[in-house]
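Everything on this sheet refers to the single structure shown next.
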Amino acid sequence: MAGEDVAREAMEYDVVIVGAGPAGLAAAIRLKQLAAAAGGEITVAVLEKGAEVGAHILSGAVIDPSALNELIPDWKQKGAPLDTPVKKDQFKILGPAGSASLPMFLMPPLFNNHGNYIGSLSNFTKWLATQAEALGVEIYPGMSASEAVFDDHGALKGVVAGVFGVARDGHKKPDYQPGLELHGKYVFIAEGVRGSLAKVLQNKFNLCDDSDPQKFGIGVKELWEVPAAQHKPGLVVHTVGWPLDDKTGGGSFLYHWGERFVSVGYVVHLNYKNPYISPFDEFQRHKLHAEIRHHIEGGKRIAYGARAITEGGLQSVPKLAFPGGALIGCSAGFVNVPRIKGSHNAMKTGMLAAEAAFQAIQAGRQRDTLDAYEDAYRHSNVWKDLHRVRNAKPLLSRLGTFWGGVVGMFDMWTTTLLGGFSFLGTLHHGKSDSASTEKARKHKPIDYPKPDGVITFDKLSSVYLSNTNHEEDQPIHLKLIDPSVPIRVNLPEYAEPATRYCPAGVYEVLYDEQGANPRFQINAQNCVHCKTCDIKDPSQNINWTTPEGGGGPNYPNM
């Protein structure tokens with residue numbers, strides 16, 4: 001438990017990596033490759049809070065294989081589960097009763113998915129783990145890293161992982177385990193979006209002082225199995241427009257892949273103003289549009305999930321290295337928003353950090369700042385990838401979906417043709433997503449259609465398909481800084497938006513039989529670990545912390 005003086009055993013490694021996602025596993029593999037090439041050894045441990053590697057991994061996903069080609073050139077021969085190449089791209093603008101297709105030749109080349117693969121990022125991550133283990137990487141699933149450990153000089157020394165058996169009221173149950181300390185010469189934080197340790201480290205080392213506020217979206221996704229006659233492997237469809245209004249950013253993705261699979265999902269930018277918006281219900285309504293419905297009608301929904309997405313891009317990337325550690329992947333935020341892709345950049349930053357750490361360890365260093373990683377990032381294709389689209393998100397925020405999209409397309413053509421130059425320079429993000437939420441009195445409640453159980457569904461049946469499970473007798477991992485705020489502030493001022501922005505029905509406002517005396521209820525066992533509450537709460541009163549290892553969703557083929 002944080003702040004408590006607990007005697008724990010310690011395990012020593014050269015590098016400890018928190019998170020077995022694409023970034024963490026790519027870093028682990030690269031470290032082992034470098035050691036083998038040098039004829040030496042390096043010890044690497046990877047901690048994963050999910051019950052198994054890939055359990056908490058969710059993405060579209062159209063995967064750019066550029067980093068994979070570099071890391072494991074013979075990935076096809078080694079059986080990577082990327083066997084549906086993109087064959088056709090479509091981009092549509094939806095209205096309430098129709099649509100318009102944008103010719104792909106008018107769009108900047110970065111929108112072209114030729115050479116990319118559709119698949120499950122969860123399955124891909126599981127495969128990456130087998131490649132890492134074959135090289136001698138130690139991977140520990142079901143182990144939440146709940147606390148950072150610092151040395152006497154203030155550098156990150158390691159993490160506490162594997163604390164089990166603390167009851168909801170805080171007492172230690174008979175099966176209590178204090179966990180272990182895993183120490184490293186360097187520790188990589190690869191928790192994904194809005195990780196609990198990353199927040200602590202960003203504050204401690206002032207990593208965000210010279211960057212814009214990070215921006216986020218929430219992505220809600222379903223996996224469908226459809227009749228063979230309507231399956232079109234390799235088809236990629238992206239849309240903007242309905243059901244969101246022009247001032248609310250977002251859009252959809254729909255991918256045909258594998259054995260009669262269709263991945264369909266919706267992303268809502270979390271800087272929306274209207275507190276009555278429910279991203280989950282916007283997605284359900286979106287599926288009723290004829291352009292979407294015909295892809296999934298007659299099929300069966302077999303999986304559901306949601307996660308936050310970093311959208312700040314170049315301007316929001318924090319300082320990456322600090323004494324003893326580094327942020328890699330979505331812990332820092334390298335998603336290319338117009339491309340809706342980030343796994344290639346996550347993997348590459350893991351590889352860059354690994355190269356810097358290996359050089360430092362070879363030179364006899366430890367727990368200093370890996371400035372070489374920061375320098376390598378600024379000269380990498382990751383930086384170039386983000387630099388050429390740096391104004392896309394700020395333009396959407398300023399001008400809305402239509403004009404922001406038009407000007408953004410022009411700007412991306414300019415940066416593509418002129419080597420990154422933009423007539424707009426570099427635009428910046430304004431306030432945080434939480435501060436973008438307006439008071440409820442400025443907006444009207446939204447009457448969403450009731451689910452039909454065929455194309456549209458409710459939250460609880462959806463959470464069931466995410467295989468989410470938590471040990472119930474443990475401290476609630478969604479911490480309220482002030483327990484009175486939801487009813488005292490958020491309910492009268494914002495109509496308590498947590499009941500709507502959460503895609504898993506975690507938050508409720510309950511009343512007595514007379515419809516009075518509201519109270520705020522947290523159904524923590526429903527949490528799919530998307531972190532949206534931590535990001536969007538207008539009072540910034542919710543602190544997402546990691547629950548016991550092994551809990552949360554278990555995403556199949558997502």
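The values are calculated or read from the model by the stated rules, or taken from the named source; none is laboratory data. Keep in mind it's a predicted model, so treat the numbers as computed, not measured. Please note: Cβ atoms are built from the backbone with ideal geometry, for glycine as well, and neighbour counts cover all protein chains shown. Side chains included, ligands, DNA and RNA excluded: accessible areas come from the protein's heavy atoms. Shrake-Rupley method; radii C 1.70, N 1.55, O 1.52, S 1.80 Å.
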Going by what's in this entry, would Asn391 be described as among the polar types (S, T, N, Q), over 19 Å from the mean Cα position of the chain (by Cα) and within 28 Å of His56 (Cα to Cα)? no
Among the residues of region 389-436, how many are charged (D, E, K, R) and open to solvent by 70 Å² or more (accessible area, probe 1.4 Å)? 2
Strands (runs of 3 or more DSSP E) within region 166-236 that include 2 or more residues at pLDDT 95 or above and aromatic (Phe, Trp, Tyr): 180-189, 216-225
Filter result for the condition that a residue is of a type in the set (A, V, I, L, M), open to solvent by less than 40 Å² (accessible area, probe 1.4 Å), more than 30 Å from Arg293 (Cα to Cα) and not in a loop (DSSP other than H, G, I, E, B), over Val463, Val509: Val509
Over 20 Å from Ile309 (Cα atoms), touching a strand residue (DSSP E or B) at 6+ places or on another chain (Cβ under 9 Å) and open to solvent by 10 Å² or more (accessible area, probe 1.4 Å): which single residue out of Gly550, Gly515 fits that description? Gly550
Please enumerate the residues belonging to region 1-57 that are under 24 Å from Ile476 (Cβ atoms), surrounded by fewer than 24 Cβ atoms within 10 Å (Cβ to Cβ) and either free of Cβ contacts under 8 Å to residues at least 40 places away in the same chain or among the aliphatic types (A, V, I, L, M) (or both). Met1, Ala2, Gly3, Glu4, Asp5, Val6, Ala51
Collect the residues in region 91-123 that are assigned to a loop (DSSP other than H, G, I, E, B) and either surrounded by fewer than 20 Cβ atoms within 10 Å (Cβ to Cβ) or among the hydroxyl-bearing types (Ser, Thr, Tyr) (or both), keeping them in residue-number order. Gly95, Pro96, Ala97, Gly98, Leu102, Pro103, Met107, Asn112, His114, Gly115, Ser120
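For every residue, the table says whether it meets (1) surrounded by fewer than 22 Cβ atoms within 10 Å (Cβ to Cβ); (2) more than 18 Å from the chain's Cα centre (by Cα); (3) not hydrophobic (A, V, I, L, M, F, W, C).
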| residue | (1), (2), (3) |
| --- | --- |
| Tyr255 | no, yes, yes |
| Gly265 | no, no, yes |
| Leu320 | no, no, no |
| Gly329 | no, no, yes |
Check whether at least one residue in region 474-486 is closer than 17 Å to Lys459 by Cβ and open to solvent by 40 Å² or more (accessible area, probe 1.4 Å), and report yes or no. no
Based on this model, can you work out whether Thr130 counts as of a type in the set (Ser, Thr, Tyr) and either in a strand (DSSP E or B) or closer than 30 Å to Pro338 by Cα (or both)? no
Within region 285-294, the count of residues that are part of a helix (DSSP H, G or I) and either open to solvent by less than 10 Å² (accessible area, probe 1.4 Å) or aliphatic (A, V, I, L, M) (or both) comes to 3
Does region 483-512 hold any residues that are without any contact (Cβ under 8 Å) to a residue 12 or more places away in the chain and in contact with a strand residue (DSSP E or B) (Cβ under 7 Å, 6 or more places away or on another chain), and which are they? Thr499, Leu510
For the condition among the β-branched types (Val, Ile, Thr), assigned to a loop (DSSP other than H, G, I, E, B) and under 30 Å from Val528 (Cβ atoms), what is the one hit in Ile42, Ile57, Ile17, Ile29? Ile57
How many residues of region 529-545 are in contact with a helix residue (DSSP H, G or I) (Cβ under 7 Å, 6 or more places away or on another chain), part of a loop (DSSP other than H, G, I, E, B) and under 22 Å from Val220 (Cβ atoms)? The answer is 2
Could you check how many residues of region 122-157 are within 24 Å of Gln177 (Cβ to Cβ) and of a type in the set (Ser, Thr, Tyr)? 3
On the given criteria, is His443 open to solvent by 30 Å² or more (accessible area, probe 1.4 Å) and more than 28 Å from Arg519 (Cα to Cα)? no
Okay, helices (runs of 4 or more DSSP H) sitting entirely in region 295-397 with 3 or more residues that are of a type in the set (A, V, I, L, M) and farther than 29 Å from Gly505 by Cα, I get 343-362
